[in-house]
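To start, the structure under review is shown below, and the notes come after it.
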Amino acid sequence: MYIKKITINNYRSFRSFEAELHKLTVVIGENDTGKTNFFTALSLPLSGNQIDFNQKRLSISDINKEAVIGFFTSVINDEADQLQKIPKVSITVEFAEPEDSYEIALLAKWLVSNGDEETYQIRYDFKPKDDSDFIEVVKKLLVGKTIDDVNWFTLPVELYDYQIVSVNNEKLIAYSDLKHVSIHCINAERDDFSESSSMKSNSIFTKLLMNTLNDDDKTQINTAYSEFFSAIEETETFEKIIGTNPDFDNYDDIIKQLECTPNLPNLKNILSNITLKYGNEYLYQKGLGQRNLIYIFILFAYYKSCGDTFNLCCIEEPEAHLSVNNLRLVRDFIEKSSRNSGSLVQTIISTHNPSIINKLKISNVLAFTGEKAISLSDAPTKLVDYLRKRPNFDILKLLFANKVILVEGTTEEMLISTYLSKQAGLNDIDIIAIGQRGYTTFLDIWLALNEDNPNKKIGVIRDYDNSDAAKAKHDAYDTAHTNIIVRTTVNYTLEIDLVEAEGNLELLNGLFELNGDISEVSDHMIKGKAAMMLDVCDAMAREEEPLDIKLPPHIAQIIEAVS
Amino acid sequence: MIEVQIAGAGAGKTYGLAEALIMHIKSCTNRKKTFALTYTNSATAKIEQEIIKQHGFIPQNLCIQTVHSFLLNEIIYPFSSFTLGDVYNDSSIMILPGNVRFKNWHIKRLKDKNIIHADIVYNISKQIVDETVSKHNNRAKKAKVQRLLAIIENCFDKIFIDEVQDLDEDALRVFELFGCNGIDVYMIGDPKQAIKYPKALDAFVEQISPKEYSTILDINNQTRRVPKEILAVSNGFCYVSQQQESLSEVVGELMYLESTDARYDELLDGYIDTKQIVCIDKKAARYSTSSKHKYSFPREIEEMIRDSDHKKDKTLFVKAAFSDFMDDVIEHGNKRAISILITRHSLKLSKPHFAQLYELCGSCIEKDVRFRVQSIDSVKGLDADTCVIILSRNTLRYLSKNKLTKANHFNKEWKKIYVALTRAKKRLVLAIDHDLFAGFDMGAVRDSIGALGFIYHN
């Protein structure tokens, strides 16, 4: 089983938001697109790390501000639909595909008929206890005010309450049922190994201990612990604490009854005082990266230990603080663990690291744009394979850069980069060499995110290669989308167009100490491959008497268009 | 699979059921839940106690519930939307009028608020899981019911039902469907004690016995509780094949007592105070069968109280208001109690609301009560050293079988007699209150009792 879909309303940055999840989901997005909010939203309808249920009570800042202002406006204007506009936070989680009878039993009571399909849905609500009472209070609050006078944070959130209900009957879900679907998050600000002053262990580790110790072990620990206290008692240190007092006659009689005794905490409390050592040091004294690595290992060990609960495992930026070697380890560990763990574990990670995305498959990616989440599950196999083979390809740059130019190989990349570096002003164009011919799969995935977004532009520079069909196929993208620009060399390949460009022949003859015509010079460059282009670029970039090479028109047009 | 075990009064049904439950839980390897169901909350508590006695604690995967609570929480609330398209998330025990049209009107009103009335829990449960009911009139709907049964199969391991004679045909059908859809069902009960639905269990057993998914176990006609002297009377109320045999070594005593005896009140009080069973078929004259919290406020009034101006927990507040109201009715009478209720909660009531409240008062009003005793319905499953039956005309008629036609055999009243007769471990006392037999020839009454072997109380 896994969570297939999540719908969020009026929670923080999400006004109305839907996302589809997989068994393994990789969340990507620029900063401030709601990745962290998404993780906290997920934790609301599920049973959490913490026993503390109060975490589910939201505060005013968790309610979508737009929704609050919209509601205030409708009350001030005395509109008819005030009741519908009350800002209510809701997060619906839809489970699907239970694999065995145990999983069916876990979900059965949340059965919802969805056309021919069956799904299982629960919902977290944070809303006024009573709508009409709430409206009354707000009306009083807003009397004689205009929308400019009121602050969104005056919403009387103390009249709100939260509940977790089954969608099929709107009935509260008992904790005994909810505890079977839980979530664990490793936040980007992780690492409670070191954060508390008491240097206590962390909750997951304590839970892992609870799950793994058998009854005999637990009895032994308890016995040892009470013996520890007996030993303290035997030192008779306690007796001196409250002594006799001869000033009062009956003082000693009263005090006689008083004895010190250890306040034996329960096993969980004892275990929460156990912490990890790594080599000769406490783990919390180790470096951030090392701790991060161990933490992720512990989390998956914990999942293995709890076979009776569905666990949603959320890891924010697993790459954080990791060295190259540890990153490779973690990347591999997450991939294999999520593949090998049973149907009761679902994993979501967020990342800014292209190698993690490529390893964990682009088709598992959920890309956040700020308004919506776009699933790349339809990414063609061709692209998935391409990225798995080239783990260092910067897919994030392709998807999120504001201005990006795709080129076939390093020669184009060097030429354009050199040209741009000579321009005044900050360079805000990313150039990606894709290392192959044919851009359509890249354009398709780019369009999935950026279609019709005027703030994003992509340019494609191609070689003609004597193929009109390929040219037509690519030009179609240019025609259909205002933010895509496709240009092709006039001649067979870049070098010829470069030599042809105004004044370049002479400059290049000079550089290569030749005296040839266009075809001789371009042949020379084509034979020399990247090395020749490097020479050209060096000459363009040198401090003294830089070579003033003109860009071929198709490249110039693209730079012009994306700038 | 369905197993049906029939066992008479005092056969040790609860003990045996607890034993079977523990055995089952111990051998159970999967993580599905096992249910032990019975009709009343007090019977549920008895099973719990028995399990704790035998096992030390209640295992985690064992749910002991009433049949109603099981059907509500495990079937109706989660699945009524799936196969019926109706949503229920709460239930009501408000008094329903006898008139079928009014009754249905009230039930419909409740349904509009997603509330199910306790009276229709069995029927709605059947509609949810039975594809042969008319609601599921096409292939798609039938397929959905099948799909649901397949899902439910994954949730329940085995269902044990105690006091199965208290189920009606709809409830029995629900469990039959579970039984033939991969869930083990074990039923134990006694058709001789089927007071609520006198025919249902007999008909059910007859209908399922030829089916390959059912096993009807040998009838257990032994009783550990009832001494053979009492059986001599109670066996007169048993089917031929269900005559009981006593394992008790106690010598039973059959006695009667008349209200003209100066010791009458004192003796009765003594039995009540020492927690013996004192019962009557229904409340009459000086005898009350206290049942004041059997009902609740009518739904609309309940909602007004719930939403009235207070800052307390809404559910608890309503319960407290109801309890206060009942006390007021007894203390101050109907009219005053209703007016107190209205003032206290600032209610605005319509005419029908008043009618409903008066009806509610009527159900609990008691004048000149001298003895608080139990109804025969409510002593089912209980036992004590002594059982006192306050004789009513009707009880006497059945007990003496005087002018009783064959058609009246094995009906509700008949079965009540069997229940009342089989409660005592030692002494069975018939209390004859002359006020209840105005105009009767008491000599003849004495004779017919004497003929059954009852002697005067010493």
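The values are calculated or read from the model by the stated rules, or taken from the named source; none is laboratory data. Model, not experiment: these values are computed from the prediction. All Cβ positions, glycine included, derive from the backbone under ideal geometry; neighbour counts span all protein chains shown. Accessible surface areas use protein heavy atoms only, side chains included; no ligands, DNA or RNA. Shrake-Rupley method; radii C 1.70, N 1.55, O 1.52, S 1.80 Å.
For peptide A:101-112, how many partner chain Cβ atoms fall within 10 Å of a residue's Cβ, on average? If you can, show how the numbers build up before the last one.
Details: counts 10, 5, 1, 7, 11, 3, 3, 10, 8, 1, 9, 2.
Per-residue shielding by partner chains comes out at 6.
The charge dipole of chain B, taken about the Cα centre with unit charges on the Cβ atoms of Lys, Arg (+1) and Asp, Glu (-1), comes to about 1180 debye, rounded to the nearest 20. A protection proxy built from the mean count of other Cβ atoms within 10 Å ranks the segments A:171-183, A:36-48, most packed first, as A:36-48, A:171-183.
To the nearest whole number, what is the average tally of beta carbon atoms from other chains within 10 Å of the beta carbons of peptide B:147-153?
Details: counts 3, 4, 0, 2, 10, 4, 4.
Across B:147-153, the average partner-chain Cβ count within 10 Å equals 4.
In chain A, the longest principal axis of the Cα atoms and the axis of helix A:131-142 are about 70 degrees apart. For the range B:52-93, the Stokes-Einstein estimate of translational diffusion at 37 °C and a viscosity of 0.692 mPa s comes to 268 µm²/s, using the Kirkwood hydrodynamic radius over alpha-carbon pairs. About the centre of its Cα atoms, the protein assembly as shown shows a dipole size close to 4800 debye [charges on the beta carbon of Lys, Arg (+1) and Asp, Glu (-1) only; nearest 20 debye]. Extending 7 Å from Cα along the Cβ direction at B:ILE330 and again at A:ILE274 yields two label points whose distance is 5.7 nm. FRET efficiency for the pair A:ASN187 and B:ASN221, taken as 1/(1 + (r/R0)^6) with r the Cβ-Cβ distance and R0 = 60 Å, rounds to 0.30. Rg and Dmax over the alpha-carbon atoms of the range B:126-243 stand at 17.4, 60 Å.
What is the local net charge at B:TYR77, summed over the other residues whose Cβ is closer than 13 Å to its Cβ (Lys, Arg +1; Asp, Glu -1)? My count for the surroundings of B:TYR77 gives -3.
If you count, for each residue, the other Cβ atoms within 10 Å and average over each peptide, how do A:289-300, A:342-353 line up from highest to lowest?
On the way: A:289-300: 19.7, A:342-353: 21.5.
The peptides rank, most packed first, as A:342-353, A:289-300.
Across all Cα pairs in chain A, the calculated P(r) in 10 Å bins from zero up to the longest distance comes to 3, 13, 18, 18, 16, 13, 9, 5, 2, 1, 1, 0, 0 percent per bin.
Share of Cα-Cα pairs in the range A:116-158 beyond 16 Å, in percent?
Values: 487 of 903 pairs.
Roughly 54 percent, once rounded to a whole number.
Summarising the amide proton neighbourhood of A:GLY435: residues at separation of 5 or more, or on other chains, whose placed amide H is nearer than 5 Å comprise A:GLY409. Full extension of the chain between B:ASN41 and B:ILE58 gives 4.5 nm of extra length, using 0.36 nm per residue less the Cα-Cα distance. In the protein assembly as shown, the DSSP-assigned H stretches of four residues or longer account for a calculated mean residue ellipticity at 222 nm of -12500 deg cm²/dmol, using -39500 (n - 2.57) per stretch and the full residue count as denominator.
Rg ratio for the range B:173-214: its Cα radius of gyration over 2.2 N^0.38 Å, N being its residue count, equals 1.20. Between B:ASN181 and B:ALA438, the modelled labels are 5.6 nm apart [label points 7 Å from Cα along Cα→Cβ]. Highest average first, the peptides A:226-232, A:160-166 ordered by how many other beta carbon atoms sit within 10 Å of their residues are A:160-166, A:226-232. What is the log10 of I(q)/I(0) for the range B:383-458, computed with the Debye formula using one identical point scatterer on each Cα and no solvent, at q = 0.17, 0.20 Å⁻¹? Normalising to I(0) and taking log10 leaves -0.69, -0.95.
When Rg is the radius of gyration of the Cα atoms in chain B and Rh is its Kirkwood radius, what does Rg/Rh come to? Mind dumping the intermediate values first?
Values: Rg = 24.0 Å, Rh = 24.4 Å.
Across chain B, the Cα-based Rg/Rh ratio is 0.98.
Percent of C-alpha pairs per 10 Å bin in the range B:315-432, short distances first: 11, 30, 21, 22, 15, 2. Shape summary of the protein assembly as shown, radius of gyration then Dmax from alpha carbon positions: 40.4, 148 Å.
If R0 is taken as 30 Å, the Cβ-Cβ distance between A:ASP465 and A:HIS352 corresponds to a FRET efficiency of 0.25. Dipole orientation for the protein assembly as shown: of the candidates A:LEU494, A:THR92, B:ILE2, B:ILE2 has the Cα lying most toward the positive pole (charges on Cβ; Lys, Arg +1; Asp, Glu -1). Both numbers refer to the Cα atoms of the range A:334-478; Rg and Dmax are 16.9, 56 Å.
First compute the accessible area of chain A with a 1.4 Å probe, then give the percent of it belonging to carbon and sulfur atoms. Don't skip to the answer; put the middle values down first.
On the way: 13340 of 27900 Å².
So the carbon and sulfur contribution to the accessible surface is 48 percent.
Counted by Cβ distance under 12 Å from A:ASP332, the other residues give a net charge of +4, where Lys and Arg count +1 and Asp and Glu count -1. Taking 0.36 nm per residue of separation and subtracting the Cα-Cα distance, full extension of the segment from A:SER59 to A:ASP308 would add 86.4 nm. For the range A:428-541, the alpha-carbon coordinates run over 48, 32, 24 Å along the three principal axes, in decreasing order.
Give the average, rounded to an integer, of partner chain Cβ atoms located within 10 angstrom of each Cβ in A:162-170.
On the way: counts 0, 0, 0, 1, 4, 1, 8, 13, 6.
Partner-chain Cβ atoms within 10 Å, mean over residues of A:162-170: 4.
Which one of A:PHE126, A:SER377, B:CYS387 is farthest out on the positive end of the charge dipole of the protein assembly as shown, using unit charges on Cβ (Lys, Arg +1; Asp, Glu -1) and the Cα centre as origin? Farthest along the dipole direction, towards plus: B:CYS387. Each label point was placed 7 Å from the Cα along the Cα-to-Cβ direction; for B:PHE354 and B:SER209 their separation is 5.8 nm.
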